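Shown next, in structure tokens, is the structure this report addresses.
The values are calculated or read from the model by the stated rules, or taken from the named source; none is laboratory data. Quantities reported herein were computed from a predicted structural model and do not represent experimental measurements. Cβ: placed from backbone, ideal geometry, glycine included. Neighbour counts: every protein chain shown. The area values use the complete protein model at the heavy-atom level, side chains included, leaving out ligands, DNA and RNA. Shrake-Rupley method; radii C 1.70, N 1.55, O 1.52, S 1.80 Å.
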Amino acid sequence: MKLENTKAQMRKGILEYCILSLLSQKEAYASEIIQALKNAKLLVVEGTVYPLLTRLKNDGLLTYRWEESTGGPPRKYYLVTALGQDFLKELHSTWTELVASIDKITTNAGNL
Amino acid sequence: MKKTLTANINGIVFHIDEDAYYKLSRYLERIKAHFRHEHGGEEIVAGIEGRIAEMFQERKKSHQQVVNIEDVREVITQLGEPAEMSDDGNESTGRRETSDYSSEDPAPKQLFRDPDNKYIGGVCSGLAAYFNIDPTWVRLLFVLLIFAAGSTILAYIILWIVIPKAITTADRLSMRGERINISNIEKSIREDLRDIKRNLEDLSKKA
């Protein structure tokens with residue numbers, strides 16, 4: 001098993017949660033989302049974000065509106081729908097549970 | 001001196017070196033092929049194109065007017081190859097890709113005789129390509145069957161007559177179950193050229 005592979009899989013699963021979480025705080029367009037994820041070292045290649053955004057939108061968790069930008073074509077600003085907010089709440093509690101469980105397993109690995 | 005082309009990316013006009021243009025258009029072709037069958041694929045491609053335009057604009061501010069191959073290379077590294085972008089958590093498509101050349105759906109396969117990989121008529125290698133197995137196993141099976149029943153030879157001859165030979169590049173692609181698109185044809189032609197080159201080298205060594 002390659003460590004890089006496992007890491008990539010983990011990151012991909014978490015990205016969805018992070019994108020929803022980011023957008024629930026403030027609507028943003030793709031490049032801002034990319035920048036935020038890059039700052040948090042969650043992104044290896046930027047292209048990953050686009051299929052993910054489209055899927056979240058198609059699943060009704062996100063929606064978007066067009067906004068004019070200065071000196072460029074209009075930008076697509078994404079925001080979380082009501083369905084997305086509920087979904088995010090679910091994800092958040094799942095994540096908290098997961099972190100607690102993993103913490104337990106990894107710190108007590110010796111005491112089976 | 002270099003020839004430059006103009007490209008319209010997401011509504012913005014860029015001057016771009018010829019080599020850079022072809023590299024970029026091949027990259028976009030790969031992305032399009034990759035997301036073609038995905039729900040909202042066009043949107044994904046449009047988003048990526050928008051990002052590329054943005055990156056080029058940034059670059060234009062900092063150094064020069066013309067987009068060069070280095071810029072394109074950098075953009076590709078930053079955005080990644082389509083296989084790296086794949087949204088693996090997607091159950092609705094659920095298919096994986098082995099390389100960025102193969103498309104998500106298996107292309108319709110056709111049975112051909114393989115003239116590039118033959119001992120007698122290319123029947124065994126054609127069958128092997130059709131069933132996606134190593135031709136050696138098919139040949140071995142035929143040889144064993146000949147020992148078991150001599151009529152296998154007759155069967156081989158009938159197959160030889162009945163199965164068409166893969167002549168064109170398109171035939172060879174559908175023999176291997178690869179999609180007939182520009183990047184696959186290009187790949188196939190490159191392979192042919194490599195073979196020709198190798199043969200020529202062999203010849204020159206012998207001479």
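Quick rundown of the values:
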item	result
Matching residues, region B:1-27, being under 23 Å from A:Glu32 (Cβ atoms) and open to solvent by less than 40 Å² (accessible area, probe 1.4 Å)	B:Ile9, B:Ile12, B:Phe14
Helices (runs of 4 or more DSSP H) enclosed by region A:1-66 - at least 1 residues per element that are in contact with a His (Cβ under 8 Å, 6 or more places away or on another chain)	A:3-25, A:49-58
Helices (runs of 4 or more DSSP H) (entirely within region B:123-207) containing at least 3 residues that are among the polar types (S, T, N, Q)	B:182-206
Out of B:Tyr130, B:Tyr156, sole residue that is over 13 Å from B:Arg176 (Cβ atoms) and in the same structural domain as B:Arg172 (by TED's automatic domain parsing)	B:Tyr156
Residue check for B:Arg36: touching a residue at least 60 places away in the same chain (Cβ under 8 Å), closer than 27 Å to A:Gly60 by Cβ and more than 10 Å from chain A (Cβ to nearest Cβ)	yes
Candidates A:Thr96, A:Thr70, filtered to the one that is within 14 Å of another protein chain (Cβ to nearest Cβ), among the hydroxyl-bearing types (Ser, Thr, Tyr), exposed (fewer than 15 other Cβ atoms within 10 Å of the Cβ) and over 25 Å from B:Ser86 (Cα atoms)	A:Thr70
Within region B:1-59, tally of residues that are among the aromatic types (Phe, Trp, Tyr) and under 26 Å from the mean Cα position of the chain (by Cα)	4
Within region B:58-85, considering residues that are within 7 Å of chain A (Cβ to nearest Cβ) and open to solvent by 20 Å² or more (accessible area, probe 1.4 Å), the one nearest to A:Gly72 (Cα to Cα)	B:Gln78
Positions within region B:1-56 being among the polar types (S, T, N, Q), outside any strand (DSSP E or B) and closer than 16 Å to B:Glu70 by Cα, in sequence order	B:Ser25
Conditions (1) crowded, with 18+ Cβ neighbours inside 10 Å; (2) more than 9 Å from chain B (Cβ to nearest Cβ); (3) over 11 Å from the mean Cα position of the chain (by Cα); number of the one not met by A:Thr6	(1)
Filter result for the condition that a residue is more than 14 Å from every other protein chain (Cβ to nearest Cβ) and touching a helix residue (DSSP H, G or I) at 6+ places or on another chain (Cβ under 7 Å), over A:Val80, A:Val49	A:Val80
